[in-house]
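The values are calculated or read from the model by the stated rules, or taken from the named source; none is laboratory data. Keep in mind that this is a model prediction, so the values were computed, not measured. A quick note on method: Cβ atoms are made from the backbone with ideal geometry, for glycine too, and the neighbour counts reach across all protein chains shown.
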Amino acid sequence: MTAKKAKSETPLLDELEKGPWPSFVKDIKMAAERKPETMDLLRQLEMSYVEKIGHWKHGGIVGVTGYGGGVIGRYSDRPDLFPGVTNFHTLRVNMPTGWFYTTKALRTICDVWDKHGSGLTNFHGSTGDIILLGTTTDHLQPCFDDLSAAGFDLGGSGSALRTPSACVGPARCEWACFDTLDFINDVTHTFQSELHRPMWPYKFKIKASGCANDCVAAIARADMSVIGTWRDDIQIDQNRVAEYADAGLDIEGEVAALCPTGCIEYDPKNKQIHIDNSNCTRCMHCINLMCKALRPGRDRGVTLLIGAKAPILEGALLSSVIIKFWKMESPYQEFKDLMMKIWDWWDENAKMRERLGELIERLGMRVFLREMGFEPHPQMVKSPRYNPYYFWWPEDLGLEPKKEEEGEE
Amino acid sequence: MTAKKAKSETPLLDELEKGPWPSFVKDIKMAAERKPETMDLLRQLEMSYVEKIGHWKHGGIVGVTGYGGGVIGRYSDRPDLFPGVTNFHTLRVNMPTGWFYTTKALRTICDVWDKHGSGLTNFHGSTGDIILLGTTTDHLQPCFDDLSAAGFDLGGSGSALRTPSACVGPARCEWACFDTLDFINDVTHTFQSELHRPMWPYKFKIKASGCANDCVAAIARADMSVIGTWRDDIQIDQNRVAEYADAGLDIEGEVAALCPTGCIEYDPKNKQIHIDNSNCTRCMHCINLMCKALRPGRDRGVTLLIGAKAPILEGALLSSVIIKFWKMESPYQEFKDLMMKIWDWWDENAKMRERLGELIERLGMRVFLREMGFEPHPQMVKSPRYNPYYFWWPEDLGLEPKKEEEGEE
Amino acid sequence: MGKTDIGPPDYKNFLPPVIKKNYGKWLYHEIPRPGVLKHVAESGDVLWSVRMGSARLISTDRVREYCDIADKYCDGYLRFTSRHNVEFLLTDESRVAPLIEELTRRGYPIGGTGHSVTSIVHTQGWIHCHTPATDASGPVKAVMDDLIEYFTSMDRLPAQLRIALACCLNMCGAVHCSDIAILGIHRVAPKVLADRLPKLCEVPSTIASCPTYAIKPDPKTKSVVVNEERCMYCGNCYTMCPAMPILNAEFDGISIWVGGKVSNARSGPAFSKLAIPFLPNNPPRWPETVQAIRNIVETYAKGARKHERLGEWIERISWEKFFEKTGIEFTDKHIDDYKLCMTTFRNTTQFRY
Amino acid sequence: MGKTDIGPPDYKNFLPPVIKKNYGKWLYHEIPRPGVLKHVAESGDVLWSVRMGSARLISTDRVREYCDIADKYCDGYLRFTSRHNVEFLLTDESRVAPLIEELTRRGYPIGGTGHSVTSIVHTQGWIHCHTPATDASGPVKAVMDDLIEYFTSMDRLPAQLRIALACCLNMCGAVHCSDIAILGIHRVAPKVLADRLPKLCEVPSTIASCPTYAIKPDPKTKSVVVNEERCMYCGNCYTMCPAMPILNAEFDGISIWVGGKVSNARSGPAFSKLAIPFLPNNPPRWPETVQAIRNIVETYAKGARKHERLGEWIERISWEKFFEKTGIEFTDKHIDDYKLCMTTFRNTTQFRY
Ligand code: SRM
Ligand code: SRM
Ligand code: SRM
Ligand code: SRM
Ligand code: SF4
Ligand code: SF4
Ligand code: SF4
Ligand code: SF4
Ligand code: SF4
Ligand code: SF4
Ligand code: SF4
Ligand code: SF4
């Protein structure tokens, strides 16, 4: 064993085979046993570990017929040393919504990938796709063809709709306030062209969580964040409340005292809780702690927030509320119409590589609301403006509207 | 009476003679009785009330010999109608620190002003000066000469140091953590030239409050805000605490529960309070409510904050902490040195009409700290940065420092 | 010619003896009744201060009247506060009641202490300035007439309530951090007097004066043009260049801002936020403004907990409830669209319906 | 050629029968032990989920192994979580313990539920990307090896703790809102390959790519120059233009960010804030990074109250105490100097010493 180590080509990486957490190095070696080219990935990576620098060239454009995305082109900058990864492109495969699989489906993907690629994958990419990691240019189209035949399609990349994702929702979670899976699956199928053919100023992401716990981090990273909520009262089973108390939960300290609006009153004598629902902001904390006793209300739907993104270019943004409450039911036409409207406006007005949130930042929320025909409401803001630099529409003053110049800059 | 009203030239303004709050209209009429020109002020104002628009021309530059400021030039745009206010300039007279007066001093000012001006004043302007409101160009120098002879001097205007101001402080307030009056008086005398001869990119304001209650609103409106504080423990007289309790103060609800850091524990049985001073942020709330029982600590000094200003141009700013704690004792040399250093840096780097806070916003706090030789500390920020766009000094990396290019833009 | 740079007179010469003696040695204070402060020194000495409202814009006659009163009751000592109230300073308790009586007889309001509405910090307006969008002294008089009971009492409000007025966006009062701010606003872009501009102003600095880059050079006229879509009427170009007048009788008026504060007590200093984007200039009594402020004050007084400043109350109940309870309409003007706007958007599903 | 636009396969075909039957009708859940979720439906049906850590970067062999296990215990049903853990889905309680036993025997960690450190969301790093300042899988492996006891337990932490890693400022994980974020950073300006740039890139769009306006045209070379004073190494120019490489073996490394969160529970979503500006790339085990994170985790675990997320804890104790307790040095890098910096400054005298 020690003898073998000593002769290893990848002594640094070998170190990462040890330890309790599953080792990607083991998996690369596993794949390399069947696919010798894949060993060049490990070798190149070892060189990176020694030199502390990456060895991939700036991505090139490769793809499959009919699509403008779904493939990330990648080339080694040392094909002389690592010919096996001279080109090593990635395919993004749209995962089944909610990341549910049968072993049959999974094995099918493995079969295709063993035929066409490195044998390495990511389950999953951080947008949610199945990442088939590393193949050559000539295998892209055949690989796609086989995937398609097996019922799989590519996900998004480039200036297109990115693969939408949903929390596990009604499939397993008692708090899902709408059908996240059906919704995302439906929307994904509706917007196939937007997903596969980049034609916008930049990327656009849609993510849906069934409740405010936001288990797909939609508010942090989706241009359109769809979050389940309700608008009536939290359902309370007082007997179950008493059971929690009897079981030793400190309802006063752990539940009531941590309610962000202080709207829970706990009566320790009768072991009952009273919620002032008019002040409840549906944050989920009390429900999270007492799921047997408390449930979301019955009148359920979603809150829509828009604009989240990572820092590049103008700084990170979180999504912000534009619709307080919508019923969200199949076939989701109202939502789809809204998406088309938003994309049209964005497409028309945005600069290259300007995400929706940045465009709104530049042109002003009031312009966006007006274009969408939405009424402003205080729930859209943490607080109203504190600078006095606000605009009046000519119509507000009974004057002639001016010719549109907004797109100009 | 009604008959007289009917014939009034200023029926709208006459309306404002009524009502319980002191009426400026009465005072203008009072002055006008002695100074007929002053009646033209009321007449012009009545025209403004009818037309809903001001009638003063854009200010012109007038002044007294040797000074670049202290006078605000003002001309009517209807000298044809209101010859009495054809020119109607204002003198800013530096108030005695803390706005304390003897009647003798006040009467002296009145005498000078009755001789040279409209007989109208503001006690005081919102920066703190005595405003002598309205005189002609030819009276400016004689008025100044008489004021000077009486021991008064002009305050600031233009791109200069503005009249510094202080809360009543140790003269009457049990919470003054340093001598606000002596400090401001001293600093004002030291920086007479900076006050009277505009030579900076824009105005600069200094205000000092003896404690965090900030009774001169320094943090909201002074480029340099000096706020008294302490760094040891709040002094507690437990007998007095008990007296408050006996007198019916809800110490738990009104004091402890409103402490922003929750660092007060109240023991209702013994009527004692315990303060965890390591978490006390010296907000003053508990002391404000129980001044007989609680007093600021004994090791007193100031916190320095910089950069406040009104919204023009780049948006309003509040001052922010740069020095956590300084002893602040006569002759305040360390403070004065700091001011010179700050002004030098600002003067060298600021664009026209760029306040200190805006300059720091543009060039970065790190540049300011480095120039001042201050160590960064977490108390300077509400929270560390959340964008990853930070700079490394070449020295941080062991590289050659680059040539200064900051002033360039 | 007068001596220059003598600076202000030494305040020490103006301090009453009791202050000189107990300077820096005050022990505690009480507010036995509205407008009356009783400061007790470590020595046991007592200083009484009687606080009285003032129009701020006053005649020398008025100042002399103050002096007469101070001579009669206060051995000639008085001061003004940072909010322009007058404080008569006495040591003899027995003269406090007669002083108050005389002040009241002369028509002066006594108060402004503790949980009250104190004087409105304000500015020049149509009395003396060139950029006002409203008057200063007039609206202040109208509002204080209306709120007088809040000045002369200390039991009608949960906490102190500070109102300020500025007649234009220069904001010469500290209105940007007031419980309630009254702010004059313009609503149409400045006119460009193209013929006079090249003579009166520098084109580059005029262009640079605009925070929203609405001003562009006009090579034809050697003057400038304003892109009205981008102008938010701040008036800064007019400050820099007299050939760009912005005053407009038809569209100028008042906006109302709420929830600011200066003290560090409990919560830190905070900016005031927009409550009402526009109210008309309606001299002499600005009834819409008076009524709007009374509505906010009363709603606050009814809803807030003890010691809760207006802004602290709103933070607790939420802005949506503030708009609901006051009945004030929420508009697109309320939503920030200036540089820091993204920090004001609601990035959470947490809200009240 | 394959059919296009067929979209993802219908997830309904992949749901186990118990889910199909109880879809949308779940009543409550319990977490009987770390890594095991018990969901009870209104019908009384029970679904067991056993959660297992995964390297995410896995071979098809590994996927087939998962399948074998799922076939053996779960009638062929399994899923992955939004954080790349594997969940085996069963209805038969009696098979839960044997499943766990087998997984453990095969060396898989079970956990990631409740108040635990779950899998680290991460990115490509040196495995597949062109802009990384560090590797992804390597640091993740090193950190998780070290924190394994926090993955497999639920009683060591006050609340859930979410770690994410991104290898460059593009931040392909949601690292900007993580309890702890590991972020690869560059620290020197890109080199300009002036000879190749005019061929490979558009000059105007290269200039426009820089958020701090550090790039200017260079008429001489028809290329561009970088003002190094203004460059903060974001790498966006390199994304746009391959002729501006930014990778640098000597100066690239890792920064650590803390206190972000995504859920709306109690407090709203929040960005992570800078804790440690730089740690060196030290493969294969990045000991400085591992140690820094352990220190933060332990300090938090010791100090926070139950249910308090890392950021909620810091908000309560203050940032100054965070730096004091963790012993992390506060530097000028921590002070924001980008667009919204003024909103991060301390505008109050309220602080702890
Ligand atoms: C006289 C004056 C200082 C001066 O140098 O002139 C003053 C005097 C006192 N202030 Fe003040 N404050 C004065 C302006 C201010 C200001 C500035 C302003 O309003 O522009 C503030 C900040 C306002 C803000 O936060 O927006 C101010 C915030 C306070 C506070 C903090 C209250 C709070 O809870 O936020 C206290 C504490 C208290 O009232 O218990 C205080 C307390 C006091 C005490 C009790 C201090 C003392 O022990 O003597 C004085 C009497 C208070 C009273 O009137 O009830 N003073 N005080 C100012 C009187 C103004 C007036 O005529 O109304
Ligand atoms: C007289 C006074 C208002 C009053 O009625 O009390 C005043 C009056 C003027 N201010 Fe002011 N400011 C006055 C205190 C303030 C304050 C409050 C303060 O000093 O505490 C502020 C906000 C604090 C600040 O400085 O940020 C203030 C912020 C401004 C600004 C905006 C400055 C900024 O950086 O945002 C301008 C615009 C300018 O400088 O061009 C301005 C400009 C002006 C001008 C000179 C008009 C102009 O555009 O040139 C006004 C002359 C009016 C006149 O004709 O008499 N005034 N000005 C105050 C000075 C009296 C005194 O000396 O005691
Ligand atoms: C399986 C998964 C959804 C999925 O579609 O894959 C999921 C499942 C559950 N989440 Fe989640 N969450 C999942 C990602 C998330 C995320 C997203 C993320 O981390 O990137 C979040 C937001 C994280 C954040 O705030 O930074 C998230 C915030 C929560 C919360 C809020 C906790 C809090 O106090 O902030 C709860 C409530 C709770 O734990 O009591 C919750 C609760 C739950 C419950 C109890 C819901 C239920 O009744 O079934 C599920 C089991 C929780 C557990 O593991 O203890 N889930 N959950 C995700 C598992 C990730 C993993 O493998 O570790
Ligand atoms: C594969 C993946 C990381 C992973 O290992 O999981 C990834 C990889 C890349 N991302 Fe990403 N991003 C991935 C999810 C994300 C996410 C997370 C998400 O989608 O939820 C984000 C943050 C959310 C957001 O969009 O704001 C993200 C923000 C970026 C950005 C910055 C975008 C911005 O507006 O701030 C870039 C830069 C760009 O687009 O030029 C970027 C660019 C890239 C590129 C294409 C590199 C480039 O500059 O062109 C990377 C290709 C790596 C490679 O060679 O394989 N990637 N990227 C993720 C996609 C997998 C999937 O489809 O499931
Ligand atoms: S977001 Fe809500 S509904 Fe969806 S899985 Fe998480 S807790 Fe359940
Ligand atoms: S959901 Fe949140 S806000 Fe509503 S009662 Fe429960 S803890 Fe309070
Ligand atoms: S700021 Fe403090 S010390 Fe000065 S008067 Fe106000 S309460 Fe007293
Ligand atoms: S001064 Fe403020 S922070 Fe300190 S104990 Fe008193 S109330 Fe608490
Ligand atoms: S606020 Fe504006 S209009 Fe009023 S005095 Fe100040 S500068 Fe003049
Ligand atoms: S008023 Fe303000 S926004 Fe309008 S043009 Fe002038 S400077 Fe620009
Ligand atoms: S974070 Fe940066 S380096 Fe890492 S995968 Fe994304 S784009 Fe590539
Ligand atoms: S790395 Fe970023 S900041 Fe530096 S030049 Fe390139 S785009 Fe500009």
Do you know which residues across the stretch B:17-27 are facing another protein chain (nearest Cβ under 7 Å) and either among the β-branched types (Val, Ile, Thr) or part of a loop (DSSP other than H, G, I, E, B) (or both)? B:Gly19, B:Pro20, B:Trp21, B:Pro22, B:Ser23
Which pairs have Cβ atoms under 6 Å, sit 6 or more apart or on different chains, and link a residue in the stretch D:43-59 that is more than 11 Å from chain A (Cβ to nearest Cβ) to one that is in a strand (DSSP E or B) and modelled with pLDDT of 95 or more? D:Val46/D:Val40; D:Val50/D:Val36; D:Val50/D:Phe88; D:Arg51/D:Glu87
Filter result (buried (at least 21 other Cβ atoms within 10 Å of the Cβ) and on the phi > 0 side of the Ramachandran plot) within the stretch C:182-219: none
Just wondering, is there one or more residues in the stretch B:139-147 that are within 19 Å of B:Met339 (Cβ to Cβ) and in contact with a strand residue (DSSP E or B) (Cβ under 7 Å, 6 or more places away or on another chain)? no
Within the stretch D:169-207, the residues that are within 10 Å of ligand 11 (Cβ to nearest atom), more than 9 Å from chain A (Cβ to nearest Cβ) and not small (Gly, Ala, Ser) are D:Leu183
Going through (1) surrounded by fewer than 19 Cβ atoms within 10 Å (Cβ to Cβ); (2) part of a strand (DSSP E or B) one by one, B:Asp80 fails only at (2)
Would you tally the residues in the stretch A:186-214 being polar (S, T, N, Q), surrounded by fewer than 24 Cβ atoms within 10 Å (Cβ to Cβ) and within 25 Å of D:Arg162 (Cα to Cα)? 1
Quick one: in the stretch C:74-83, of everything that is free of Cβ contacts under 8 Å to residues at least 40 places away in the same chain and assigned to a loop (DSSP other than H, G, I, E, B), which residue is surrounded by the most Cβ atoms within 10 Å (Cβ to Cβ)? C:Ser82
Name every residue in the stretch A:97-111 that is polar (S, T, N, Q) and more than 7 Å from every other protein chain (Cβ to nearest Cβ), in order of residue number. A:Thr108
Are any residues in the stretch C:253-278 away from ligand 2 (no atom under 16 Å from the Cβ) and within 29 Å of A:Leu397 (Cα to Cα), and if so, which ones? C:Gly253, C:Ile254, C:Ser255, C:Ile256, C:Val258, C:Gly259, C:Lys273, C:Leu274, C:Ala275, C:Ile276, C:Pro277, C:Phe278
Lone qualifier among D:Asp146, D:Asp135, D:Asp179, D:Asp155 - being modelled with pLDDT of 95 or more and surrounded by fewer than 20 Cβ atoms within 10 Å (Cβ to Cβ): D:Asp155
Qualifying residues in the stretch B:50-72 (those that are touching a Gly at 6+ places or on another chain (Cβ under 7 Å) and either at the interface with chain C (Cβ under 7 Å from one of its Cβ atoms) or without any contact (Cβ under 8 Å) to a residue 24 or more places away in the chain (or both)) - the one surrounded by the fewest Cβ atoms within 10 Å (Cβ to Cβ): B:Ile61
Return the residue satisfying two criteria in turn: it lies in the stretch C:84-103 and is among the hydrophobic types (A, V, I, L, M, F, W, C) and either within 14 Å of another protein chain (Cβ to nearest Cβ) or touching a residue at least 12 places away in the same chain (Cβ under 8 Å) (or both), and of such residues it is farthest from B:Gly125 (Cα to Cα). C:Val96
Filter the stretch B:282-296 for residues that are more than 11 Å from ligand 7 (Cβ to nearest atom) and part of a helix (DSSP H, G or I) and give the result. B:His285, B:Cys286, B:Leu289
What number goes with the only condition from (1) surrounded by fewer than 24 Cβ atoms within 10 Å (Cβ to Cβ); (2) within 28 Å of B:Phe368 (Cβ to Cβ) that B:Ser278 does not pass? (2)
Listed by first then second residue, the pairs whose first member lies in the stretch A:151-170 and is buried (at least 24 other Cβ atoms within 10 Å of the Cβ), whose partner is among the aromatic types (Phe, Trp, Tyr), with beta carbons under 6 Å and at least 6 positions apart or on separate chains, are A:Leu161/A:Phe191; A:Leu161/A:Phe204; A:Pro170/D:Tyr23
Which is within 16 Å of ligand 3 (Cβ to nearest atom), farther than 22 Å from A:Pro198 by Cβ, modelled with pLDDT of 95 or more and more than 8 Å from chain D (Cβ to nearest Cβ), of A:Ala171, A:Ala166? A:Ala166
Name every residue in the stretch B:207-246 that is hydrophobic (A, V, I, L, M, F, W, C) and farther than 19 Å from B:Arg295 by Cα, in order of residue number. B:Ala208, B:Val216, B:Ala217, B:Ala218, B:Ile219, B:Ala220, B:Ala222, B:Met224, B:Val226
Quick one: in the stretch A:119-150, of everything that is in contact with a Phe, Trp or Tyr (Cβ under 8 Å, 6 or more places away or on another chain) and over 11 Å from A:Leu91 (Cβ atoms), which residue is surrounded by the most Cβ atoms within 10 Å (Cβ to Cβ)? A:Gly119
Is at least one residue of the stretch A:347-356 in contact with a strand residue (DSSP E or B) (Cβ under 7 Å, 6 or more places away or on another chain) and either more than 8 Å from chain C (Cβ to nearest Cβ) or more than 16 Å from ligand 6 (Cβ to nearest atom) (or both)? yes
Boolean, D:Ser49 is hydroxyl-bearing (Ser, Thr, Tyr) and not in a loop (DSSP other than H, G, I, E, B): yes
Suppose we keep only residues that are among the charged types (D, E, K, R) and within 17 Å of D:Leu169 (Cα to Cα) within the stretch D:207-255. Which one would you say is farthest from ligand 7 (Cβ to nearest atom)? D:Asp252
Look through the stretch A:83-96, keep the residues that are within 8 Å of another protein chain (Cβ to nearest Cβ) and outside any strand (DSSP E or B), and return whichever of them is surrounded by the fewest Cβ atoms within 10 Å (Cβ to Cβ). A:Pro96
Near pairs, Cβ below 7 angstrom, 6+ apart or cross-chain, from the stretch C:128-139 (of a type in the set (A, V, I, L, M)) to any residue that is not in a loop (DSSP other than H, G, I, E, B): C:Ala133/C:Gly184; C:Ala133/C:Ile185; C:Ala133/C:Gly253; C:Ala136/C:Gly125; C:Ala136/C:Ile127; C:Ala136/C:Leu165
By residue number, the members of the stretch B:292-310 that are buried (at least 22 other Cβ atoms within 10 Å of the Cβ) and either within 14 Å of ligand 8 (Cβ to nearest atom) or basic (Lys, Arg) (or both) are B:Ala293, B:Leu294, B:Pro296, B:Thr303, B:Lys309
